[in-house]
1. When you scan the stretch A:107-153, how many residues do you find that are away from chain B (no Cβ under 14 Å) and either among the basic types (Lys, Arg) or on the phi > 0 side of the Ramachandran plot (or both)?
2. Here is a check on your reading of the model: is B:VAL139 more than 14 Å from chain A (Cβ to nearest Cβ), in contact with a helix residue (DSSP H, G or I) (Cβ under 8 Å, 6 or more places away or on another chain), in contact (Cβ under 8 Å) with a residue 12 or more places away in the chain and aliphatic (A, V, I, L, M)?
3. Out of curiosity, is B:LYS113 within 14 Å of chain A (Cβ to nearest Cβ), over 20 Å from the mean Cα position of the chain (by Cα) and of a type in the set (D, E, K, R)?
4. Looking only at the stretch A:79-98, filter to residues that are more than 13 Å from chain B (Cβ to nearest Cβ) and open to solvent by 30 Å² or more (accessible area, probe 1.4 Å); which one of those is farthest from the chain's Cα centre (by Cα)?
5. For A:MET73, which of the numbered conditions (1) open to solvent by less than 60 Å² (accessible area, probe 1.4 Å); (2) more than 13 Å from chain B (Cβ to nearest Cβ); (3) at pLDDT below 95 fails to hold?
6. What number of residues within the stretch B:56-85 satisfy the criterion of being open to solvent by less than 40 Å² (accessible area, probe 1.4 Å), among the β-branched types (Val, Ile, Thr) and part of a loop (DSSP other than H, G, I, E, B)?
7. Can you tell me which residues in the stretch B:92-141 are open to solvent by 50 Å² or more (accessible area, probe 1.4 Å) and among the hydroxyl-bearing types (Ser, Thr, Tyr)?
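The values are calculated or read from the model by the stated rules, or taken from the named source; none is laboratory data. For clarity, every value in this text was computed on a predicted model and none was experimentally measured. For neighbour counting, all protein chains shown are included, and Cβ atoms are generated from backbone atoms with ideal geometry for every residue, glycine included. Keep in mind that these areas ignore ligands, DNA and RNA; they rest on the heavy atoms of the full protein, side chains included. Shrake-Rupley method; radii C 1.70, N 1.55, O 1.52, S 1.80 Å.
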Amino acid sequence: GSKGSMASTLGVLSDAERLFIVHGVQDDLRSDGRACEDYRHVEVETDVVSNTSGSARLRLGNTDILVGVKAEMGEPDPGRPKEGKLEFFVDCSANASPEFEGRGGEELAIEVSNALQRIFSSRSTLDLTSLCIIPGGQCWVLYVDVLVLECGGNLFDAVSLAVKAALFNTRIPTVLVTADDEGQQEIELSDDPYDVKRLDVENVPLIVTLSKIGH
Amino acid sequence: MPGDSRRVPGPQESRSPHFYRKPEAHKNDGRRQDGRGPQDVRPVYLHAGVVSQATGSAYIEMGQTKVIAAVYGPREIAQREEFTMKGRLTCEVKFATFSCTKRRQHIQDSHEKDWSLIVLQALEPAVCLDRFPKSQVDVYITVLQNDGSALAAAITCASVGLADAGVMMYDVVAGCSMRQCGDDQYLDPSVSEEFQHEEQGTAEHGMVTVGLLPSLNQVSALVLDGHLQQQTAVQAVKTCISGCHGLYPVIKDCLVTSTQRNIPTTGRQTGQANANGRTLSVT
């Protein structure tokens, strides 16, 4: 888990409140009535934003996350010519908490962004070779943009769930690569809007955050 | 990339020749490329008090990895409106532009910001923050040469720098990395051995870095890249912890040597404080 700047949003606890929580946790009872290993109610909805290639909205208790995935064509990494790319951007909007006004949410956003970058760095999570168009020339770049609408705790878990749902929902247009008379390669996008391919998100990881209270 | 008007920019479209190099074949006789055994760490050189202008500093060499850390403080907190009973610790990690195979940007990128946060999380539990309220201590770490395990080196170097600065601490923090390659474990990987996100079949591949408070035996930093089975991950962390314990005598020795160096010679020079006029706290 990560502490980051989350503690400042909760305010200060009195000693009595702190003791109450510690004693409750010892009896497997948290302050909202949950057991120690229970999650809050989760609601996931996909295909919520029409201008994206894939999107998802997730509510985990009071945490509200909106993820949009846009697929664009770009050049692959010189060291990995047969793979596409995944770029993450997290925005802790000012709606989520007054502390995120201006550049206040940047630190937390960078932390979440780095966590996503790290968990997707392993090639076993997503088959990036399926995003290749022309090896060494063109590939699909998936821009995964995460918008934190409301910050009600457990941000990392909620973001990873929403990202998985959005990637599941992502539709990548089928492209046809043809060589014209001069030997130049041409890329053609299919006319049929339903001629798309989907991603295999079976191995996309989920984040679980644990907090240690008392012993 | 926004242009920096103060510097003469290099060409935008340059590329490292590294990509055209043929990949080296891995030796398979149980020894690593530099001849070490799997559990051998590289020789460590640690020296405290290298930056004269800083309150405290340290320089570490782990094989060819060179990291320098400078500590400034306790000094007035940057945002004066914030009153806190606890002091504040900030940390900035930067790779020198020439430190890696591929030239790095001079502006701190997201990878360096990530490492800054990790080192901060590694150091915070060790520092007695309540000893300097409304003040902050700044730690600046520069990786001069990256030949692998730079994060572990940065953690160790920063904590020695903090001790050298006289910042009160519960314990030093020792850092150690290891690489899991299928069934093989390599302690203190060099850059050619480091986890490069290359998939070699479905075997487990990953790299673990641990920051440990040795005398309290508490882990303050744990980073895992790649994918490992649960048992493998647990075993990897244990290996790193033992590596950290192995580094602890080196840290102690360095701090004792630097303290002895700073004690003014007695006799005719009594009454003369040492050059920096500060005392060093050694636990």
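1. Going through the stretch A:107-153 one residue at a time, the tally reaches 1.
2. Details: more than 14 Å from chain A (Cβ to nearest Cβ): yes; in contact with a helix residue (DSSP H, G or I) (Cβ under 8 Å, 6 or more places away or on another chain): yes; in contact (Cβ under 8 Å) with a residue 12 or more places away in the chain: yes; aliphatic (A, V, I, L, M): yes.
Answer is yes for this residue.
3. no
4. Among them, the one singled out is A:PRO98.
5. Single failed check for A:MET73: (1).
6. 1
7. Correct list: B:THR101, B:SER110, B:TYR140.
Residue-by-condition table, conditions (1) part of a helix (DSSP H, G or I); (2) open to solvent by less than 50 Å² (accessible area, probe 1.4 Å):
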| position | (1), (2) |
| --- | --- |
| A:SER124 | no, yes |
| A:SER130 | yes, yes |
| A:GLY136 | no, no |
| A:VAL146 | no, yes |
| A:VAL159 | yes, yes |
| A:ASP181 | no, no |
| A:TYR194 | no, no |
